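Please see the structure below; I have some questions.
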Amino acid sequence: MMRPTTKAWLSNLVCLAVLAWLYGGDLRDALRARTAEVAAFAHPPSPVQPAVVLAVTAAALLVALYGLARRRGADFRGYRLLPIVLVSALFLDLLFAESEVPVSSAGAASHALQLFAREAQALASESSVPSTPAQLQPLLGQLGAPPYLVRGQPAPAYGLQVRQGCDGPVTQAPGAQVGTLLYCVARGAQAAWVTLVALPAEQRFGAPQVFSVGGRPRFLALQATGEPAPPPAGEGGTPGPRQDAGAFRDQLETKDAGVLPGPAP
């Protein structure tokens, strides 16, 4: 009885597993992004390429099974098709990816949060930070569109909620839409905190919530140019040394957004 060698068996099984994992996952994500409440994609991913690759994979598998059923030996060329499909698909991926610069939704959302905070800080005076929607709304035009899909459609634009009398950043925002910046002003308007409604950095699908990394909400603090910013609620400690507006803007440009401490173990 003729049969393929163990090496041929293993190579075909490995190629089949890799193709199913890579392109089956891409197809699943492309279909799910069209129905999920929120998806971490700037544009709907196309299901065409993974579907074509999987169809060719299925055809190559049928040819290999045909050779097995006919008791073809290791010299049967049908046993080489799955490795050829894998190499060809990866080559085409690399070829088309050369002209693309991938930016994750989490990275783009973090950049928008920092840009808004920096521009809002530039409007602060010695005694107060900007505290009205009329002052802050024009800044949204610089942010572009949120890098998320809502029920398969790109989120149209960033929104803004301004809250007064806060002790720290907003960490819960039920009902808020993706791309909403939550601007929370401290009593006396000498400081403010900014958070963003999006998805956690580790998730690609889900319900909108305050943008977080590792389960900790991301925020940026603003302060009046003549006053140090108080610590957010839950952080404790005492206010730091007085910091002028220029130094604070430099800090916004060079440092990542802050994180609120997670729950105690």
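Just want the ordering: TRP21, TRP193, from fewest to most Cβ atoms lying within 10 Å of their own Cβ.
So the ranking, lowest neighbour count to highest, is TRP21, TRP193.
Give, in whole angstrom and from largest to smallest, the semi-axes √(5λ) of the equivalent ellipsoid of the range 1-155, with λ running over the eigenvalues of the Cα gyration tensor. Write down the numbers at each step before the final one.
Values: eigenvalues 555, 40, 22 Å².
Semi-axes (√(5λ), whole Å): 53, 14, 11.
Still on this structure: For GLY206, which sequence-distant residues (separation of 5 or more, or a different chain) have an amide H within less than 5 Å of its own amide H, given hydrogens modelled in the peptide plane?
Residues meeting the amide H criterion: GLU37, VAL38.
Show me, for the range 175-186, the HN-Hα J-couplings you get by feeding each phi into the Karplus relation (A = 6.51, B = -1.76, C = 1.60, θ = phi - 60°), rounded to Hz, glycine and proline as x.
Result, ordered by residue: x, 6, 7, 4, x, 7, 8, 9, 9, 10, 9, 6 Hz.
In the neighborhood of LEU181, defined by Cβ-to-Cβ distances under 15 Å, what is the net charge if each Lys or Arg adds +1 and each Asp or Glu adds -1?
Values: positive: ARG118, ARG163, ARG218; negative: GLU119.
Taking every other residue near LEU181 into account, the sum is +2.
Right, here's the next one. If you average the sequence gap of Cα pairs under 8 Å that are 6 or more apart and divide by the length of the range 1-84, what percent do you get for the contact order? Walk me through the intermediate numbers first.
Values: 67 pairs, mean separation 38.9, N = 84.
After rounding, I find 46 percent.
Taking the Cα atoms of the range 67-190, report the difference between the largest and smallest coordinate on each principal axis, in whole Å and largest first.
84, 31, 23
Something else about it: Using Cα-only point scatterers and the Debye equation, what is log10 of I(q)/I(0) for the range 6-97 at each q in 0.16, 0.19, 0.22, 0.25 Å⁻¹, rounded to two decimals?
Taking Cα atoms of the range 6-97 as identical point scatterers yields -0.69, -0.87, -1.04, -1.23.
Sticking with this structure for a sec: In whole Hz and in residue order, list the ³J(HN,Hα) couplings for the range 33-38 that follow from phi through the Karplus curve 6.51 cos²θ - 1.76 cosθ + 1.60, θ = phi - 60°; x for Gly and Pro.
Taking θ as phi minus 60°, the curve returns 4, 7, 10, 5, 4, 9 Hz for the range 33-38.
Now, a different point. Once phi is turned into θ = phi - 60°, what whole-Hz ³J(HN,Hα) does the Karplus curve with 6.51, -1.76 and 1.60 give for every residue of the range 123-130, x standing for Gly and Pro?
8, 6, 10, 5, 10, 7, 9, x
So, by mean Cβ neighbours within 10 angstrom, what's the order for 46-57, 61-72 with the highest one leading?
46-57, 61-72
Sorted by packing (mean other beta-carbon atoms within 10 Å per residue), highest first, where do 125-135, 108-118 land? Working shown, then result.
Working: 125-135: 15.6, 108-118: 20.4.
Top of the packing list down: 108-118, 125-135.
Laboratory data are not the source of any read-out in this text; all were calculated from the coordinates shown. On a predicted model such as this, the values are computed, not experimentally measured, just so you know. Neighbour counts are summed over all protein chains in view; Cβ atoms, including those assigned to glycine, are modelled from backbone coordinates with ideal geometry.
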